[in-house]
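Comments concern the structure below.
The values are calculated or read from the model by the stated rules, or taken from the named source; none is laboratory data. Because the structure is predicted, anything quoted here is derived from the model rather than measured. Cβ placement follows ideal geometry from the backbone for every residue including glycine, while neighbour counts extend to all protein chains displayed. Note: accessible area is taken over every heavy atom of the protein model, side chains too, but ligands, DNA and RNA are not part of it. Shrake-Rupley method; radii C 1.70, N 1.55, O 1.52, S 1.80 Å.
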Amino acid sequence: MSWFEVFEWSVLVLLSLMTSLSHTGDSPVPSFVAKNPQNITVLRGKVASLPCVIKNLGTKSVTWSKQGSGTPILIDDFLFGNDPRFTLHRLQRVDEDGNNIINMQMNITNTKLQDVGIYRCEISTRLRKMVHTVQLNVKVVIVTGSQIVDKGDELVLVCNATGKDGAPHAIQWFKDSTPIKPTSDGSTTIKDFKRDNTLISILEIKHSELDDAGDYICRTTNKDVNVLKVNVLDADVSKSSVKRGTPPKVGELKPGGGQSNTRHSTYLLATSLFLITAASHLFV
């Protein structure tokens, strides 16, 4: 870092602090919105959006930096450095209480493994420095799909894998460390296709069985790996598990077979109640 960059950074920070202090007055104190996500995971090469939602920011400045680094990445919209992958995106709204809400979101395009880390969104006020942190994780392999399926239902898993200089050559599926191969009858299929620098593999099991439960592993030729755990439920057992000795519901009573006709019984009961009520009025 040159002396000129240090000087430039110092001037920007000083101007930011002066602006914040000069406009403090009786304006509301800014605060971070509690629902700020603190953990973001993206696939390598994709866009990472790191939110920093603030209530009543006013004219105060926001600084984005990476924890462990001595210099900021962004001060408001100004990019400090020479990496154009980092940009600021403002999203503004007013909440139901009339407070101004702004998301000073930092976007990182074409994410790399070296982007992994903790990022700090800072607001400088007259009294203190307020900090919100976001953990960024960059995955090379991501496995998605149904983690819980009923026995007999279709099981579909998708593996997205990116390479450093292009899509991986191939993807291999495993279940509990055993390789998965497509079957001749089509009950298990694997389809691969490429999109830009990403290789996508789709594993389909037409009719899942109980022994299909387990850990599904997606591994690339670059030895990058990710795992997804799948559970298969025995739906037939859960549907047929009826307690013995449970009396039948009114709607389940059928004429014959030792059970009285529901409508006939209801009619007799209503008639009896009517006669008892009429008799009681006669003898009053």
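Could you give P(r) for the stretch 23-179, binned at 5 Å from zero, as whole percent values over all Cα-Cα pairs?
2, 8, 15, 17, 15, 11, 10, 8, 7, 5, 3, 1, 0, 0
Would you please name the trypsin sites (Lys or Arg not before Pro) within the stretch 112-199 that are DSSP coil residues with at most 10 other C-beta atoms within 10 Å of their C-beta?
Working: sites: LYS112, ARG120, ARG126, ARG128, LYS129, LYS139, LYS151, LYS164, LYS175, LYS191, LYS194, ARG195; in loops: LYS112, ARG126, ARG128, LYS151, LYS164.
Here the trypsin sites (Lys or Arg not before Pro) that fit, given the DSSP loop and packing criteria, are ARG128.
State the percentage of accessible surface on the stretch 39-164 attributable to carbon and sulfur atoms; use a 1.4 Å probe and exclude ligands, DNA and RNA.
Numbers: 2770 of 6100 Å².
On the stretch 39-164, the fraction of accessible area on carbon and sulfur atoms equals 45 percent.
Binning every alpha carbon pair distance of the stretch 126-228 at 10 Å from zero, what are the percents per bin?
Reading the bins upward from 0: 14, 42, 24, 10, 6, 4, 1, 0.
Could you give the length gained by full extension between GLN114 and LEU79, i.e. 0.36 nm per residue of separation minus their alpha carbon distance, to one decimal place? Could you put the intermediate results ahead of the total?
Values: separation 35, 0.36 × 35 = 12.60 nm, distance 1.87 nm.
Separation in residues times 0.36 nm, less the Cα-Cα distance, equals 10.7 nm.
How much length would be gained if the chain were fully extended between LYS223 and ASP97, taking 0.36 nm per residue of separation minus their Cα-Cα distance, in nm to one decimal?
Numbers: separation 126, 0.36 × 126 = 45.36 nm, distance 5.21 nm.
Going from the current span to full extension adds 40.1 nm.
For every other residue with a beta carbon closer than 13 angstrom to the beta carbon of ILE108, add +1 if it is Lys or Arg and -1 if Asp or Glu, then tell me the sum. Kindly include the intermediate steps, with their values, before the conclusion.
Values: positive: ARG44, LYS46, LYS66, ARG85, LYS112; negative: ASP83, ASP115.
Local charge sum for ILE108: +3.
Any idea which of SER69, GLY58, LEU91 is furthest toward the positive side of the dipole for the stretch 29-126, if Lys and Arg beta-carbons carry +1 and Asp and Glu beta-carbons -1?
Of the listed residues, the answer is SER69.
Using the C-alpha gyration tensor of the stretch 128-174, what are the square roots of 5 times its eigenvalues, in whole angstrom, with the largest one first? Numbers along the way, then the final one.
Numbers: eigenvalues 216, 94, 6 Å².
The equivalent ellipsoid of the stretch 128-174 has semi-axes of 33, 22, 5 Å.
Quick check: with the 1.4 Å probe, what order do HIS89, HIS169, HIS132, HIS207 take by accessible area, largest first?
HIS169, HIS207, HIS89, HIS132
Compute the FRET efficiency between THR183 and VAL47 as 1/(1 + (r/R0)^6), taking r as their Cβ-Cβ distance and R0 = 30 Å, and round to the nearest 0.05.
On the way: r = 38 Å, r/R0 = 1.27.
Step by step, r from the Cβ atoms, then E = 0.20.
Which residues in the stretch 46-89 have a backbone N closer than 15 Å to a point placed 7 Å from the Cα of ALA34 along the Cα-to-Cβ line?
Flagged as within label range: 55.
So what is the accessible area of the stretch 67-124 per residue, in Å², with the probe set to 1.4 Å? Mind dumping the intermediate values first?
Working: 3120 Å² over 58 residues.
Dividing the accessible area of the stretch 67-124 by its residue count gives 54 Å².
Ranked from the most accessible area to the least, with a 1.4 Å probe and all protein chains present, what is the order of VAL158, VAL149? Mind showing how you got there, number by number?
On the way: VAL158 40, VAL149 10 Å².
Correct descending sequence by accessible area is VAL158, VAL149.
How much length, in nm to one decimal, is gained on full extension between GLU154 and ASP211, taken as 0.36 nm per residue of separation minus their Cα-Cα distance? Kindly include the intermediate steps, with their values, before the conclusion.
Values: separation 57, 0.36 × 57 = 20.52 nm, distance 1.38 nm.
Extra length available between GLU154 and ASP211 comes to 19.1 nm.
Set the Förster radius R0 to 25 Å, insert the Cβ-Cβ distance between ASN231 and GLN135 as r into 1/(1 + (r/R0)^6), and round the FRET efficiency to 0.05. Write out the running numbers ahead of the final one.
Values: r = 28 Å, r/R0 = 1.12.
So the FRET efficiency works out to roughly 0.35.
Collect residues whose amide H, placed 1.01 Å from N in the peptide plane, falls under 5 Å from the amide H of ILE73; neighbours closer than 5 in sequence don't count.
For ILE73, whose amide H was placed from the backbone, the distant partners under 5 Å are TRP64, SER65, LYS66.
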